[in-house]
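As structure tokens, the structure follows; a few thoughts come after it.
The values are calculated or read from the model by the stated rules, or taken from the named source; none is laboratory data. Because the structure is predicted, anything quoted here is derived from the model rather than measured. Positions of Cβ are generated from backbone atoms using ideal geometry, with glycine treated the same way; all protein chains shown enter the neighbour counts. Protein only, heavy atoms only, side chains kept; ligands, DNA and RNA dropped before computing areas. Shrake-Rupley method; radii C 1.70, N 1.55, O 1.52, S 1.80 Å.
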Amino acid sequence: MDMKIDEMSTEIQRYRQEIKSERMDMSFGEIINMYKDREIIISPEYQRAFRWDEQRQSDFIESILLGIPFPSIFVATNSDGKWELIDGLQRVSTVLAFFNELKDENGRPYPKNGLVLSEGSMLKSLKGVTIDTLPLEYKLQIKRTPCRVEIILKESEFKMRYELFKRLNTGGEGLSRQEIRNCIFRGLDSRYSDFVSELSANLVFRQLVVISKSNEEMMYYDELILRYLALKNNGTRYSQPNIQDYMDDYLEKQCKDFDKEKTLKDKYLFETIMIILEPLKDKDIFKLGRRLFTTSMYDAIMLALSDERVDLTRIDANELESKIIKLKSMDEFKKYVGSASSNPTSISNKVRIAKEVLIGITV
């Protein structure tokens with residue numbers, strides 16, 4: 001037991017040393033000025049996740065006016081000393097947008113600027129108020145409101161910055177795992193993330209994959225491409241606690257060791273598969289049971305067709321559709337569908353069965 005405690009103590013000390021941080025109190029006016037001077041950065045990838053509607057934005061402005069406490073914001077120090085927002089996007093963006101200061105990546109006014117406040121839960125008179133009609137006294141009150149800023153220094157290890165991003169972005173204004181990856185891993189090298197986004201924009205792919213608008217906004221198309229690439233290139237057996245961590249590790253490696261030739265081959269294969277599947281875009285091939293889209297069918301079909309032993313030129317779409325229908329009806333396949341459908345054993349078995357049924361290859 002003592003050995004276990006010693007090991008735990010060593011781990012705690014090591015990771016504590018990897019996080020270099022400090023804190024300070026700033027006013028929203030100072031934060032606005034830093035943003036205008038580009039000393040605090042809201043990356044375009046992160047900024048697209050500004051999802052609060054007018055009511056939630058109004059509620060936050062009301063909270064500031066009433067002096068209701070709110071959580072700290074977190075920033076990370078970049079190599080040039082500038083701050084990059086990590087947590088607090090909705091709150092900071094709300095204040096910037098209310099003051100008409102929020103800009104897009106090209107420096108143009110952001111669409112959500114010019115907030116017209118909704119009726120508050122306590123301040124009913126806020127309805128219809130804008131920054132131009134708000135009395136000066138209350139404009140200054142908002143600008144002078146202090147905000148606790150937790151600063152992750154540039155000396156912190158990359159992996160620890162990512163862990164902080166994951167843990168901080170939870171709850172009502174949390175980002176999806178793919179949005180977090182898109183923000184953080186671009187700091188290593190943006191080329192692989194750009195490659196993933198390029199594949200996710202494929203028109204046939206978007207016609208085949210039926211997802212909600214909210215999932216699209218949370219970059220689920222990109223996540224599915226990354227999932228496919230990770231499972232295809234690194235295999236369906238993984239040791240990480242879950243597939244999301246597996247995808248994290250895969251993306252980090254691709255960013256650190258970007259291989260242009262490999263991405264071109266993957267792009268060609270993916271686009272070839274999309275051409276084969278295009279006649280089936282209205283056939284709900286990724287549907288299983290009542291769900292219009294399932295990763296079980298997605299993994300099975302995409303990975304089966306990606307097997308290097310298959311001759312894609314000989315695949316007939318009508319025959320493939322019949323085989324997909326057969327696969328969906330098989331009890332042996334459905335045994336690996338459900339709550340644990342993304343564990344390595346389930347994925348491996350589903351892909352094994354799919355290869356046998358869809359392309360006649362026994363693993």
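Tabulated results
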{"read-out": "Portion, in percent, of the accessible area of the chain that falls on carbon or sulfur, probe 1.4 Å", "value": "49"}
{"read-out": "The stretch 305-363: C-alpha gyration tensor shape, a/c 1.5 cut-off, then a/b vs b/c", "value": "oblate"}
{"read-out": "Karplus 3J(HN,Hα) series, Hz, for the stretch 211-220 with 6.51 cos²θ - 1.76 cosθ + 1.60 (x for Gly, Pro)", "value": "10, 6, 4, 5, 5, 4, 4, 8, 6, 5"}
{"read-out": "Percentage relative contact order, the stretch 201-334, counting C-alpha pairs under 8 Å, at least six apart", "value": "30"}
{"read-out": "Backbone HN-Hα couplings from phi across the stretch 51-62 [Karplus 6.51/-1.76/1.60, Hz, Gly and Pro as x]", "value": "10, 4, 7, 4, 5, 5, 5, 4, 4, 6, 4, 4"}
{"read-out": "Positive minus negative residues near Phe195 (Lys, Arg vs Asp, Glu; Cβ under 11 Å)", "value": "-2"}
{"read-out": "Reachable aspartates and glutamates, given that their alpha-carbon falls under 16 Å from the alpha-carbon of Lys334 and they are not under 8 places away in the same chain", "value": "Asp299, Glu356"}
{"read-out": "Partner lysines for Lys36 [C-alpha distance under 30 Å; skip if fewer than 8 residues away on the same chain]", "value": "Lys20, Lys82, Lys103, Lys112, Lys127, Lys139, Lys143, Lys154, Lys159, Lys166"}
{"read-out": "Share of pairwise Cα separations in the stretch 191-243, more than 19 Å, in percent", "value": "33"}
{"read-out": "Other-chain or far-sequence residues with amide H under 5 Å of Ile41's (modelled H)", "value": "Trp83, Glu84, Leu85"}
{"read-out": "Expected 222 nm ellipticity per residue - DSSP helices of 4 or more, -39500 (n - 2.57), all of the chain, to 500", "value": "-16000 deg cm²/dmol"}
{"read-out": "Surface per residue (accessible, 1.4 Å probe) for the chain, Å²", "value": "52"}
{"read-out": "Calculated from backbone phi, Karplus (6.51, -1.76, 1.60) coupling profile of the stretch 95-100 in Hz, x at Gly/Pro", "value": "5, 4, 5, 5, 8, 6"}
{"read-out": "Additional length obtainable on full extension of the chain from Met24 to Met122, 0.36 nm per residue less Cα span", "value": "32.2 nm"}
{"read-out": "Gaussian network model of the chain, springs between alpha carbon atoms under 10 Å - residue of Lys350, Lys127, Lys328 with greatest fluctuation", "value": "Lys127"}
{"read-out": "Net charge contributed by nearby residues that have their C-beta within less than 14 Å of Glu119 (K/R +1, D/E -1)", "value": "-1"}
{"read-out": "Summed side-chain charge close to Val210 - residues other than Val210 whose Cβ falls under 14 Å, Lys, Arg +1, Asp, Glu -1", "value": "+4"}
{"read-out": "Built amide H within the under 5 Å cut-off of Leu102, gap 5+", "value": "Ala97, Tyr110"}
{"read-out": "For the stretch 244-363, diffusion coefficient by Stokes-Einstein and Kirkwood Rh (Cα), 10 °C, 1.306 mPa s, µm²/s", "value": "103"}
{"read-out": "Computed magnitude of the charge dipole of the chain (debye, nearest 20; Cβ of K, R +1, Cβ of D, E -1)", "value": "640"}
